[in-house]
Amino acid sequence: MQQMENGKLQFSTPVSRDRVISKFPKWYTPQACLQMKDHWHGRVRSACKDRAAWNAGMKMSKVVVVGDLYVGKTCLINRFCKDMFDRDYKATIGVDFEIERFELSGVPYTLQIWDTAGQEKFKCIASTYYRGAQVIITVFDLADIRTLEHTRQWLEEALRENDPGSCFVFLIGTKRDLLSSAECQRTERDAIKIAAEMQAEFWSVSSKTGENVREFFFRVAALAFEESMLRALEGGAPLTSEPETSSELTAA
Amino acid sequence: MEDFGSALEKNAAELTVMDVYDIAAVVGQEFERIIDQYGCEALARLMPKVVRVLEIVEVLVSRNNISPETEELRLELDRLRLERMDRLEKEKKHQKELELVEDVWRGEAQDLLSQIAQLQAENKNLLTNLSLNDCPVTEEELQRQEGVSERERQVMKKLKEVVDKQRDEIRAKDRELTLRNDDVEALQQQQNRLMKINHDLRHKMAVVEAQGKALIQQKVELEAVAQAREQELGQLHQEVTRLRDRLRGEPAHNEEEPAPAPPQLSHAETSDAQSSVWAECGNDPEFLAECFEVGESLSLFPGLEDGEHAEKGEDYCDEDGDEEEEEEEAVLLWGACEEDPAGERGALDLKDPNRPRFTLQELRDVLHERNELKAKVFMLQEEIAYYKSEEQEEEMGTPPSMPSPVPRSNIQPESGIKRLIFTAIMPMVAAGLIADDPTLQPIRRLVSFV
């Protein structure tokens, strides 16, 4: 229901106003971030003024969210996409997805966010959806240090289905609201270490309060968008579809 | 003798004394002759008288030319007379010349007069003209006029340049205009094409909807059949267990309860499953229904080749370890039992309402179907929103939107359909959420236009 209302809003103005990103979003912590710059790449900025850029901009990027069960992957996505939070736990069956439309620097852009099941028994299904991801979000529970250790394994599995170096990796600690600031700092230190190992960008969020959720997804959208634009500009040919993703659903 | 005669012929005034003697001689000769003829007596009386006349003449003549001076004077007089005559003649000539000159002069004067008259008339004309122009003609102005003409020439030159430039500009504009016209025409054609595509798409959508409905109908029928089958199977199973019990003989006779368990599976349990297994699939009742239906029907159909498959599955629950190789494909759904503390997972219990029922492939199919449906819902929502926003726009302030679609599309380069394609359809196709069927080919072509 709410999504429908969103849709209407999105259509009267091309993209919902709260999905318009004009300034390049900043990192969470400089100790673990993928890019230090706080402005658009010059070529991308100039290309955005060009109508032809829309061709590249209509491309959709695939985001895959992985991590242990009960760390809050679905909650994170629901907080951002539907702005709601359900306290009760419901295991995700296999996979689910959401589509989010953005406008970056005046160009429409779409993220396809795949929510995977954290339960071991669904892994064989969920893993078939890892392919063709441009962004891999590995999620752990800030309150459960074991889930942080498992992120390595999750990332490895997700990367196995993708070309090395073709993905942005994020490491997300959830349930920040459950921790005191001291505990949080301690856990974040560990997480930053692991993020550096994984060459990932670290964020600490709370889906319950919504803290940093929007900022985080904006950052994801901006990085993915810029990367797509640069690839399109380098490739010269307009990117319309990714061949891997089109066959994925039929394979699944 | 001649001399005498000449003296007689002389003018009286010119006669000299000598001439008189000559005349007397002549007369005496004449007398001698007469005496010879007639004697002296005839002349006796005449003689003295003649002599007397001659003497008078002599005196008179001698009195006339008193001296040579007089002669000179007379000559002088004659000369003077001649001179006078000459002068008179000259005077006459002069007079004539003068008259001639006068005549010429008069003619000239006449000419000049006429010229003057002409000029005066002209002057008058000019004056009237001037008065018409209302500006007194002065020398300064004449000079200025010369300057003006110079300036005029320059201005003319400049004007000509300007005209040339403008002509070139007009030509360029003309060319541009034709180009624009071509563009407009191309856009119109494109729009027509798009409208046609839209129409086709809507038609196709309607067809697909109808097909969907037909499929649902079919599914319901199949489900009914499946249910009947399941009941039948349940009965059969009951019979089998009963037979088995009987075969085991009387020693195990005391236990009669497990026998009726399988038949209970048929209906009460499935409804039970509905509330537990699928409860976690979200509060979306449609999705729940969809999944449940699919799950139930599919759990029977993959084994249609050997109708025993369902039974086999249940057997497998009993014999567990025996069919290791089957476990791969039959990873079973545990549903909520894992979270449910009551659902302790031991051996697969037939009585357990949450026991696994679906194969991995079935779950994959269900998920795939769900994803496709979700993508379709998203697309339809986008379209509905688009039409709603269009309605709103029409209500807001542009009532004549349909009668003049061409200028409207020109004003708004981003037409709704294009936006729709860009924001909704193409990304889905790109992501493989919508099958890339040939009906989308026109849209692809359109994208390459923009």
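The values are calculated or read from the model by the stated rules, or taken from the named source; none is laboratory data. Keep in mind it's a predicted model, so treat the numbers as computed, not measured. FYI the Cβ positions are ideal-geometry reconstructions off the backbone, even for glycines, and counts take in every protein chain you see.
Brief remarks follow.
- Test: residue in the range A:146-155 that is part of a helix (DSSP H, G or I), within 14 Å of chain B (Cβ to nearest Cβ) and touching a Gly at 6+ places or on another chain (Cβ under 8 Å): no
- Looking only at the range A:95-124, and only at residues there that are within 7 Å of chain B (Cβ to nearest Cβ) and of a type in the set (Lys, Arg), the one that is farthest from residue B:362 (Cα to Cα): A:101
- Residue within the range A:175-193 that is in contact (Cβ under 8 Å) with a residue 60 or more places away in the chain, surrounded by 15 or more Cβ atoms within 10 Å (Cβ to Cβ), in contact with a strand residue (DSSP E or B) (Cβ under 7 Å, 6 or more places away or on another chain) and of a type in the set (Ser, Thr, Tyr) present: no
- Qualifying positions in the range A:184-230 - of a type in the set (A, V, I, L, M, F, W, C), over 18 Å from residue A:22 (Cα atoms) and touching a Lys or Arg at 6+ places or on another chain (Cβ under 8 Å): A:184, A:194, A:198, A:203, A:205
- For the range A:116-139, the set of residues classified as outside any helix (DSSP H, G or I), farther than 21 Å from residue A:222 by Cβ and touching a helix residue (DSSP H, G or I) at 6+ places or on another chain (Cβ under 7 Å) consists of A:116, A:117, A:118, A:130, A:131, listed by residue number.
- Scanning the range B:375-386 for residues being without any contact (Cβ under 8 Å) to a residue 24 or more places away in the chain and surrounded by fewer than 21 Cβ atoms within 10 Å (Cβ to Cβ) gives a total of 4.
- Members of the range B:375-397 found to be more than 7 Å from every other protein chain (Cβ to nearest Cβ) and either of a type in the set (D, E, K, R) or not in a helix (DSSP H, G or I) (or both), listed by number: B:376, B:383, B:390, B:391, B:393, B:394, B:395, B:397
- One residue stands out in the range A:33-52 among those that are at pLDDT 80 or above, assigned to a loop (DSSP other than H, G, I, E, B) and out of contact with any Pro (no Cβ under 8 Å at 6 or more places or on another chain): the one that is nearest to residue A:104 (Cα to Cα), namely A:40.
- Some residue of the range B:180-187 being touching a helix residue (DSSP H, G or I) at 6+ places or on another chain (Cβ under 9 Å), assigned to a helix (DSSP H, G or I) and surrounded by 10 or more Cβ atoms within 10 Å (Cβ to Cβ): yes
- Elements of type helices (runs of 4 or more DSSP H) contained in the range B:11-78, each with 2 or more residues being at pLDDT 85 or above: B:17-38, B:46-64
- The range A:125-145 - residue that is touching a residue at least 60 places away in the same chain (Cβ under 8 Å) and polar (S, T, N, Q) and, of those, farthest from the other protein chains (Cβ to nearest Cβ): A:138
- Every residue from the range A:143-165 that is small (Gly, Ala, Ser), closer than 20 Å to residue A:132 by Cα and surrounded by 13 or more Cβ atoms within 10 Å (Cβ to Cβ): A:158
- All of B:43, B:82, B:75 fail the test of being on the phi < 0 side of the Ramachandran plot and either in contact (Cβ under 8 Å) with a residue 40 or more places away in the chain or touching a Phe, Trp or Tyr at 6+ places or on another chain (Cβ under 8 Å) (or both), apart from B:43.
- Test result for residue B:87, loosely packed, with under 10 Cβ neighbours inside 10 Å and of a type in the set (Lys, Arg): no
- Evaluating residue A:30 against the criteria (1) exposed (fewer than 14 other Cβ atoms within 10 Å of the Cβ); (2) under 29 Å from residue A:155 (Cα atoms); (3) at pLDDT below 90 leaves one unmet condition, (3).
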